[in-house]
1. For C:Phe350, list long-range residues whose amide hydrogen, built 1.01 Å from N in the peptide plane, is under 5 Å from its own amide hydrogen.
2. Is there a quick way to get the dipole size of chain A? I mean about its Cα centre, with the Cβ of Lys and Arg at +1 and of Asp and Glu at -1; what is the value in debye to the nearest 20?
3. Quick one: what are the phi-derived ³J(HN,Hα) couplings along the range C:332-337, Karplus 6.51/-1.76/1.60 with θ = phi - 60°, whole Hz, x for glycine and proline?
4. Take the cross-link list A:Lys6/B:Lys179; A:Lys105/B:Lys274; A:Lys183/C:Lys13; C:Lys276/C:Lys347; A:Lys164/C:Lys103; A:Lys2/B:Lys205 and give me the ones stretching past 24 Å between alpha-carbons.
5. Write out the chymotrypsin sites (Phe, Trp or Tyr not before Pro) in the range A:33-137 meeting two conditions: DSSP loop, and at most 12 other Cβ atoms within 10 Å of their Cβ.
6. In the range C:6-235, if the dipole is taken from +1 on Lys/Arg beta carbons and -1 on Asp/Glu beta carbons about the Cα centre, which of C:Leu202, C:Val57, C:Ile11 is farthest to the positive end?
7. Could you give the distance between the Cα centres of the range C:172-189 and the range A:135-184, to the whole Å?
8. Can you give the charge dipole size of chain C about its Cα centre, rounded to the nearest 20 debye, using +1 on the beta carbon of Lys and Arg and -1 on the beta carbon of Asp and Glu?
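The values are calculated or read from the model by the stated rules, or taken from the named source; none is laboratory data. The shown structure was predicted, so the numbers you read here are calculated from the model rather than taken from an experiment. Here the Cβ positions follow ideal geometry from the backbone for every residue, glycine too, while neighbour counts run over all protein chains shown. Accessible surface is based on the protein model in full, side chains and every heavy atom, while ligands, DNA and RNA are left aside. Shrake-Rupley method; radii C 1.70, N 1.55, O 1.52, S 1.80 Å.
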Amino acid sequence: MKIFKKFAQIITFTIISLWVLLPVFLITVSTFSSKQEVYKWPKNLLPKDFSLESIKFFFSSYGTISSFKNSLIVAFITLILVLFISIPSAYAFSRYYFKGRESLKIFILMTRMLPIPLLAVPLTSFYITLSLYDNLLGVALIHTAMALPFSIIILSGIFIRISKEYEEAAIVFGASKLKAFLKILLPLSLPGIAAMLIFTFITSWNEVFAASILTVENRTLSAHILNLLDASPLYFKYAGGFFLSVPAIIFIFFIRNYLMKMWGGF
Amino acid sequence: MKLNEKYFPYVLLLPLLLYILLFFFNPFFNALKLAFFDENNKFTLIYFRELLRDPRFFSAIKYTLMFAVTIVPLQLITAFLIALFINRNFKGSKTLLFICSIPLAISDLAAGLIFLSIFTEHGFLNSFFYFLGLIKKPVYFLSYENIPLLFTSILIAEHWRATAIVLIILIAGLQMIEKDYIDAANVFGANFFKRIFYIIIPLLKPSIQSALIIRTLFAFQMFAVVIALAGDMIPVLSGETYFWYYIYRNSHIASCYAVVIIILSLLLTAIYLKFLTYKEPVYENI
Amino acid sequence: MSKKGVVLLNIEKSFGGNKVLKNLSLEVKSGEFLVLLGPSGCGKTTTLRCIAGLEKVDKGKIFIGDRDVTELPPSKRNISMVFQNYAVFPHMKVYNNIAFGLKMRKFPRQEIDKKIKEVSKLLKIDNLLDRFPSQLSGGQKQRVAVARALAVDPDVLLMDEPLSNLDALLRAEMRTELKKLHRDLGTTTVYVTHDQIEALSLGDRIAVMFDGEIVQISNPKEIYEFPSTIKVGEFIGIPSMNFLKARYENGEIFIGNQKFELSDKIRNEIERKKLKEFIIGIRAENIEIYANKCRGSLCSKILLKEELGYTQLLTLKIEDFTIKAFSKAEIGLGIDNYVYIKFREDKIRFFDCNTRKLIF
């Protein structure tokens with residue numbers, strides 16, 4: 001009975017893992033195949049040759065490198081903006097009682113539920129007047145709007161879990177409120193803030209609708225690939241899918257222990 | 001001094017409030033304006049009339065709803081089963097949880113492209129079927145000639161990508177259920193299925209509800225995964241918004257689509273909240 | 001060590017319409033160990049936090065020494081505090097934890113070092129200075145918290161239920177040590193607790209609080225022997241003080257139907273105060289138990305016998321009242337038997353039926 005249970009467990013584990021990992025494995029194989037191999041049929045399930053041809057093509061196509069850079073820049077600006085807006089807000093939510101706190105919290109979550117098309121389309125004309133259209137800052141601004149609700153909720157949760165007593169102790173021993181925040185709360189919540197920022201990075205890196213609509217020349221990687229979808233060969237698409245996924249997967253590895261804490265509040 | 005202290009939280013929230021004003025209220029009302037007002041700022045329904053004349057509009061609604069009602073329950077069931085499995089806390093359950101959360105990092109566009117390598121006629125699925133001897137020639141999964149197959153392919157891709165978030169929410173919920181309840185049910189002789197139906201599911205209802213709402217709302221915004229696998233062969237609301245803005249450069253119609261998305265989203269959320277709001281259940285006869 | 005007294009004048013504080021402190025006044029003498037004792041929710045912690053400056057008072061004034069600190073932030077009050085959950089900063093080593101207050105006060109490095117050596121030796125944690133709090137036991141964290149509080153030479157040391165998270169054995173040990181520390185250093189201390197044993201053993205004086213008000217403030221002996229109200233008598237002492245309703249009729253005192261004989265001195269006092277009905281308070285150890293009827297004894301039935309090792313605790317029914325009494329010797333009678341009890345006359349307290357306050 002015990003052996004049977006153990007066996008069933010291993011089988012279940014394998015099936016679930018395969019379901020998740022196999023597609024990731026297959027896109028990796030496809031990306032490291034030669035152009036001919038991509039169109040060959042039937043394929044070998046295990047790759048015979050290892051080729052950087054597709055990857056070379058992908059990076060040498062016009063706009064790929066710059067869109068890669070653009071994606072990083074947009075994500076970086078988004079991180080900074082999210083940091084500067086979400087930290088004071090989360091501090092207010094977790095350390096003060098004020099009128100309308102709970103309703104504001106719910107409202108912020110609701111803003112995340114607004115469809116991106118509803119935000120992105122009307123923003124174009126607003127951006128044109130501010131000359132933010134086709135501008136990386138403009139994309140970062142809307143990515144910030146998308147990332148803020150969750151990052152504030154996540155960060156409030158992190159702050160709340162750190163006992164107020166620590167800051168009070170600092171204040172009693174002569175620190176100002178700001179110093180208590182900088183010397184106590186900030187270092188104590190650093191891992192959580194890092195996790196939140198990684199989540200924000202992934203949000204920005206992955207976002208495609210707004211980035212496509214708000215840019216023409218200065219495309220992010222997602223927007224670049226979406227834009228060329230009709231006109232590009234399979235190996236370009238595969239490499240695109242691969243390079244869109246890799247940074248995000250690497251980053252999520254670092255916050256794996258934080259995922260539960262971040263979503264526990266729902 | 002005292003006044004200062006009282007308004008301090010609002011000062012901290014100021015950047016956020018400003019942001020909400022500029023990047024939520026501003027586009028929201030502008031969308032309504034674009035959808036209902038013409039160039040001379042006069043109220044009009046011509047854009048909606050035009051929308052209704054577009055045959056793709058109705059198929060977009062049809063397919064969007066079809067995706068929502070198929071994917072969401074499917075994800076919920078898959079995630080629930082995996083969550084129950086992971087929650088057994090065996091050696092390796094943490095690893096499995098991490099593996100299962102990988103798709104959380106993958107965008108819908110990337111997921112579409114990943115599954116393209118599986119479903120395309122030169123893809124892995126066809127090769128696999130060939131090796132099993134099931135087929136001689138490639139099957140065209142992604143063709144307009146077989147829309148149900150195309151729909152299913154997209155369904156599989158989106159199900160793979162977005163189940164992770166439901167899983168995380170459900171596991172977080174499961175972990176909050178005190179073991180005492182389950183132990184108690186055990187002591188009083190409830191078997192595995194009774195434990196699930198009478199203890200776990202009722203206690204998990206708040207998590208199920210939030211997962212359901214989040215997933216449904218995002219299902220209405222399905223976009224890149226559809227375009228990557230089906231191009232414009234299967235219209236969905238977000239995709240149409242994109243096309244109307246991006247190709248036809250008509251922000252009025254695009255806004256109309258966006259308004260339809262939000263109306264449908266609000267409608268479904270309201271329905272969920274009405275039927276699923278967590279009340280203390282009254283058990284009269286078990 | 002600097003010593004300063006604390007004065008609270010007519011303090012009021014509410015949280016969202018809920019009045020937590022009602023016109024509270026209190027004087028802590030310089031060098032005194034004052035315990036704020038009361039059930040949870042009585043406002044004792046709020047009082048402490050008002051002294052610290054962590055809460056702003058709605059009304060009233062607070063003085064430390066002769067300085068009005070009502071509007072000053074905590075950092076300007078030169079107080080220090082030991083928190084209920086220690087609040088030892090988890091990301092700093094013990095050394096830096098103790099140094100925190102000194103650094104904030106911008107002490108020179110050598111002086112900080114000297115001071116830390118001093119207090120860590122005092123609290124026997126000089127071998128732990130290099131550790132992180134996660135490597136410490138609860139008792140050790142407690143010592144670090146106390147060392148950190150003492151390092152800054154505060155005018156007033158505030159302690160918020162500092163021992164409540166320790167297990168019973170450690171708590172007793174720490175209690176003795178705190179007492180000794182205070183005797184050696186003489187720092188003015190305000191100590192909040194709900195544990196009466198801590199209060200009785202530590203405090204030079206105890207302020208008993210109920211519902212945001214101080215109902216009695218006095219030395220432990222006085223509070224134990226002369227509770228100012230019935231509620232104080234019930235709250236302090238294990239078991240609680242026994243209370244019985246009595247009446248004065250035709251020059252005699254009755255409890256229920258039994259005549260209760262008391263000396264002329266007390267009878268005269270009752271006569272003089274024109275008391276008709278009143279409540280008698282007597283502690284369990286001041287009741288003498290006899291197997292046989294004797295002069296002036298009251299008859300009562302044994303409901304319960306509890307063996308405590310050094311003594312027996314009897315639950316007795318006398319008329320309509322249930323009381324508890326210690327029996328020094330084994331009386332040889334079981335449950336449902338009748339015993340005869342006498343109260344030690346100098347320990348009997350009289351309370352008003354309506355105001356429930358001590359008469360004499």
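1. Excluding prolines and chain starts, which carry no amide H, the hits are C:Gly281, C:Ile359, C:Phe360.
2. Value, rounded to 20: 880 debye.
3. So the J values, rounded to whole Hz, are x, 10, x, 4, 6, 7.
4. A:Lys183/C:Lys13; A:Lys2/B:Lys205
5. Within the range A:33-137, the qualifying chymotrypsin sites (Phe, Trp or Tyr not before Pro) (loop, at most 12 other Cβ atoms within 10 Å) are A:Phe50, A:Tyr62, A:Tyr97.
6. C:Val57
7. Cα centroid of the range C:172-189 versus Cα centroid of the range A:135-184: 39 Å apart.
8. Details: 59 positive and 47 negative charges, 169 e Å.
Result for chain C is approximately 820 debye, rounded to the nearest 20.
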